[in-house]
């Protein structure tokens with residue numbers, strides 16, 4: 001792990017760290033340990049960290065695997081404070097000043113980061129506060145001047161600084177005009193500059209993204225924007241793609257907000273005083289939704305008022321206070337995933353070319369649905385292929401394509417055969433079998449060398465996944481402009497990517513325990529004793545589910561209590577609560593033996609039973625007996 005390490009180290013690096021005494025291990029910290037005690041214990045466990053010149057606490061982002069600094073108090077972490085700050089996350093420790101030697105002779109910094117109250121600067125030998133050591137090295141140490149020490153997040157009592165991943169050469173605004181564009185790229189290094197996951201105000205005492213990256217981006221754009229950008233010119237197309245990518249990077253560097261923060265800003269456009277009504281049958285969600293979105297009175301900025309009809313024609317949820325809306329958005333996301341406008345594997349969907357859907361304007365409707373699902377508090381839509389998301393986030397010119405995203409197995413095999421040919425004869429045979437596709441794509445060309453297969457395969461893949469369905473994409477993207485979602489994605493594509501492409505976070509017993517908060521009756525009361533017993537049963541019930549020792553799942557419980565089967569991108573509003581059934585409801589003679597729920601308020605009410613076996617049986621039966629809402 002280098003000083004610039006931003007992701008969990010790869011396996012071979014972890015092995016080297018372990019051999020060097022810097023690998024993963026469980027460290028026991030006494031509850032009463034002070035900040036000094038915590039530092040000393042960590043230095044005893046990892047002696048080499050004493051050579052690091054200070055170290056930082058890091059934890060990994062569950063979705064992106066990126067390492068993020070844990071903000072450090074001025075007086076350091078005590079054991080109890082560290083536990084609260086880290087929650088259930090594994091902690092990594094990252095050195096600040098000096099690389100450490102590990103097995104194999106490689107000089108790297110430890111993946112582990114220890115906390116210090118003060119550390120001696122190796123340059124000026126001053127004792128500097130741990131929280132201010134980065135800033136000292138970058139701008140205040142008299143012995144260093146201009147240094148190549150990377151800037152990273154540091155937290156003090158009065159301000160937060162943005163995370164920057166760059167080097168000193170990339171921070172100079174002046175450019176030698178005699179250098180070629182290619183040489184300038186080599187001199188300056190990569191322009192892939194990740195931004196902080198939080199929103200920060202730029203600090204004048206550090207080189208921020210806006211000061212160090214913008215001149216470089218402007219220079220690159222100036223270098224390439226003078227050429228002909230016509231669609232017939234291959235170099236022009238490449239230049240257009242580079243410009244589009246730079247513009248996207250510039251916007252993302254400036255925003256620096258989390259996904260939830262961005263969506264909450266977009267949600268401010270929703271008018272809670274006006275509503276668009278949806279009458280939905282759970283058996284025909286797609287058809288009902290399309291009718292609702294095409295209704296003349298529908299507006300994405302209006303609050304959704306959802307009414308579910310049962311098989312007897314009665315209505316569920318005469319007044320939608322949130323529960324029906326959340327369930328509708330969950331069901332709509334699943335219906336959209338399986339709709340005819342997409343093709344490919346269930347977890348890797350790409351836009352299909354469907355003339356009927358184009359004529360019915362379904363692509364635009366689907367794009368609007370995506371905007372409504374995300375901004376109105378629904379779940380993520382992480383079933384898109386990488387190629388599809390690239391078109392959404394970066395535009396047609398800059399979007400990278402992947403042959404694995406092709407849904408038609410015959411087309412996929414033809415292109416794969418071209419790419420994997422090991423001789424000119426094999427390549428000619430593969431080209432012969434793909435003649436129809438090549439003709440459709442207009443990719444006839446003379447193949448002089450075997451390596452020409454790469455360009456041909458790339459062009460065929462782009463034709464099939466992007467150019468062939470461009471009209472569908474244009475309509476789809478027009479729909480995604482609703483609630484300004486598309487603009488927000490183009491400004492922060494990396495932030496939105498996990499929401500569209502990738503695996504959802506797996507729900508665990510610990511996550512469920514943290515999702516549902518509860519209050520107990522006063523200590524010493526009869527109710528308190530029964531509630532404590534019920535909480536113990538509840539936690540054991542969650543563990544049984546995690547160990548696949550139950551007929552229900554965590555998703556079943558979330559649907560029962562909230563209407564959603566996973567945590568929405570913006571979080572639950574209101575937060576889910578656990579309550580206890582002490583008294584019968586109005587019209588009932590005795591307390592319910594089964595769980596109840598109020599999905600609008602995200603409340604799960606659990607029964608009180610003398611034994612765990614009875615509690616588990618009643619919970620499972622009650623949850624499984626409710627097809628949509630918490631009516632047992």
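The values are calculated or read from the model by the stated rules, or taken from the named source; none is laboratory data. None of the values given here were measured: they were computed from a predicted structure. Don't worry about glycine lacking a Cβ; one is built from the backbone with ideal geometry, like all the others, and counts go over all protein chains shown.
Among the residues of the stretch 545-555, count how many are in contact (Cβ under 8 Å) with a residue 40 or more places away in the chain and surrounded by 17 or more Cβ atoms within 10 Å (Cβ to Cβ). First the steps, then the outcome.
Step one: filter the stretch 545-555 for residues in contact (Cβ under 8 Å) with a residue 40 or more places away in the chain, giving 550-552, 554-555.
Next, from what is left, pick out any that are surrounded by 17 or more Cβ atoms within 10 Å (Cβ to Cβ): 550, 552, 554.
Residues in the stretch 545-555 being in contact (Cβ under 8 Å) with a residue 40 or more places away in the chain and surrounded by 17 or more Cβ atoms within 10 Å (Cβ to Cβ): 3 in total.
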Revision key, fill the gap. Note on the stretch 556-574: residues within 21 Å of residue 499 (Cβ to Cβ) and surrounded by fewer than 17 Cβ atoms within 10 Å (Cβ to Cβ) are 571, 573
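Every residue, every condition in (1) under 19 Å from the mean Cα position of the chain (by Cα); (2) under 14 Å from residue 464 (Cα atoms), yes or no:
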site: 343; (1), (2): no, yes
site: 352; (1), (2): no, yes
site: 361; (1), (2): no, no
site: 368; (1), (2): no, no
site: 372; (1), (2): yes, no
site: 377; (1), (2): yes, no
site: 382; (1), (2): yes, no
site: 387; (1), (2): yes, yes
site: 390; (1), (2): yes, no
Practice item. Scan the stretch 282-297 residue by residue and report those that are under 26 Å from residue 571 (Cα atoms) and surrounded by fewer than 17 Cβ atoms within 10 Å (Cβ to Cβ). Key: 282
Exercise for review: Quick one: count up the residues across the stretch 509-519 that are in a loop (DSSP other than H, G, I, E, B) and surrounded by fewer than 15 Cβ atoms within 10 Å (Cβ to Cβ).
Suggested key: 1
Revision key, fill the gap. For the stretch 300-321, the count of residues that are in contact with a helix residue (DSSP H, G or I) (Cβ under 9 Å, 6 or more places away or on another chain) and either in a strand (DSSP E or B) or modelled with pLDDT of 65 or more (or both) equals 10
